[in-house]
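Q: Take a look at the following structure, please.
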Ligand code: SF4
């Protein structure tokens, strides 16, 4: 994409903030005037932290860490969110695009293998502006779009050519699960059309050189307790796009205080549940799987300190 084209797309993204439809919630809030939609964010970008992260899947963390930038708040706000300390709150440090570009360059200078904004969607205009500035100043590592999967393909088209690696969740295969856990009526169809657009842009594989991801896609699915029906439905939808898509099946679900008393979400995933989902993925023909052990440790991250997760080989 030529510079003029990049700038035009960034300007289009900025204009959307005037009547925000960056995500499928389509609040149409005038965020530039300070009105807040569901994500409770005005037009400013807000971050929680930025650090070399060693807890991502091995090709993303590599030996020196992913360059993870945790953004505050979220357009989904799942009731069980493992990152609830930051995703359920818009609090944090406001940053300009210039400052964010500096953070990206600093992460690269610290040896990170990529720059990876987490939940970029509500902050997208500023992030793409920051990426443009950082690239002009020499940023070379891949840009990873680590999102919740509840995206609009029309918005993803505006960042075509700027994302090297898509890292979307595919949380729900059943409408009812999206409604009860994230309050959205249409997660599966939105996630499916977004996934198709991501694959159109970067392909359905993850290119890895010297153990480090360079380009492509990796889809994450967090197995929820008592909801293997939802997991199996999600796998079938992902397979509709391609059986070659690399999958990260996560067993690390840990109940957060808000759902501690929930009859389904109030416990960890059992080994049997997790193995059922992994076996279903294999039966559906998925070959590139990243899996985790199921154990009794509390595994939800504590944003007061970094806590890596354990990954097994593919
Ligand atoms: S990004 Fe926020 S304000 Fe914009 S549509 Fe999504 S939830 Fe609403």
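The values are calculated or read from the model by the stated rules, or taken from the named source; none is laboratory data. Not measured: the values here are computed from a predicted model. Positions of Cβ are generated from backbone atoms using ideal geometry, with glycine treated the same way; all protein chains shown enter the neighbour counts.
Q: If residue 85 meets every condition in (1) closer than 30 Å to residue 109 by Cα; (2) within 12 Å of the ligand (Cβ to nearest atom) apart from one, which number is that one?
A: (2)
Q: Is region 216-237 home to any residue that is without any contact (Cβ under 8 Å) to a residue 24 or more places away in the chain and in a helix (DSSP H, G or I)?
A: The answer is no, given that none of the residues of region 216-237 is without any contact (Cβ under 8 Å) to a residue 24 or more places away in the chain and in a helix (DSSP H, G or I).
Q: Which of the residues belonging to region 21-33 are surrounded by 14 or more Cβ atoms within 10 Å (Cβ to Cβ), near the ligand (Cβ under 7 Å from one of its atoms) and under 20 Å from the mean Cα position of the chain (by Cα)?
A: Matches in region 21-33: 21, 22, 23, 25.
Q: Here is a further query. Find the residue count for region 50-80, including only residues that are in contact with a strand residue (DSSP E or B) (Cβ under 6 Å, 6 or more places away or on another chain) and within 16 Å of the ligand (Cβ to nearest atom).
A: Residues in region 50-80 being in contact with a strand residue (DSSP E or B) (Cβ under 6 Å, 6 or more places away or on another chain) and within 16 Å of the ligand (Cβ to nearest atom): 2 in total.
Q: Restricted to region 239-259, and to residues that are touching a residue at least 12 places away in the same chain (Cβ under 8 Å) and part of a helix (DSSP H, G or I), which residue is nearest to residue 201 (Cα to Cα)?
A: Filtering region 239-259 for residues that are touching a residue at least 12 places away in the same chain (Cβ under 8 Å) and part of a helix (DSSP H, G or I), the one nearest to residue 201 (Cα to Cα) comes out as 241.
Q: Here's another thing I want to ask about it. Is it the case that some residue within region 253-272 is surrounded by 17 or more Cβ atoms within 10 Å (Cβ to Cβ), modelled with pLDDT under 95 and within 20 Å of the chain's Cα centre (by Cα)?
A: There is no residue in region 253-272 that is surrounded by 17 or more Cβ atoms within 10 Å (Cβ to Cβ), modelled with pLDDT under 95 and within 20 Å of the chain's Cα centre (by Cα).
Q: Still on this structure, please answer the following. Just name the residue that is farthest from the ligand (Cβ to nearest atom) out of those in region 34-49 that are touching a helix residue (DSSP H, G or I) at 6+ places or on another chain (Cβ under 9 Å) and more than 20 Å from residue 183 (Cβ to Cβ).
A: That would be 49.
Q: Next up: Within region 119-139, how many residues turn out to be in contact (Cβ under 8 Å) with a residue 24 or more places away in the chain and more than 15 Å from the ligand (Cβ to nearest atom)?
A: Residues that pass the stated criteria total 9.
Q: Please list, ordered by first then second residue, the pairs with beta carbon atoms under 6 Å, 6 or more apart or interchain, first in region 1-26 and closer than 10 Å to residue 124 by Cβ, second in a loop (DSSP other than H, G, I, E, B) and more than 7 Å from the ligand (Cβ to nearest atom).
A: Going by the 6 Å Cβ cut-off, the qualifying pairs are 13/158; 17/43.
Q: So which of 149, 161, 216 ends up being surrounded by fewer than 21 Cβ atoms within 10 Å (Cβ to Cβ) and modelled with pLDDT of 95 or more?
A: Sole residue among the options that is surrounded by fewer than 21 Cβ atoms within 10 Å (Cβ to Cβ) and modelled with pLDDT of 95 or more: 161.
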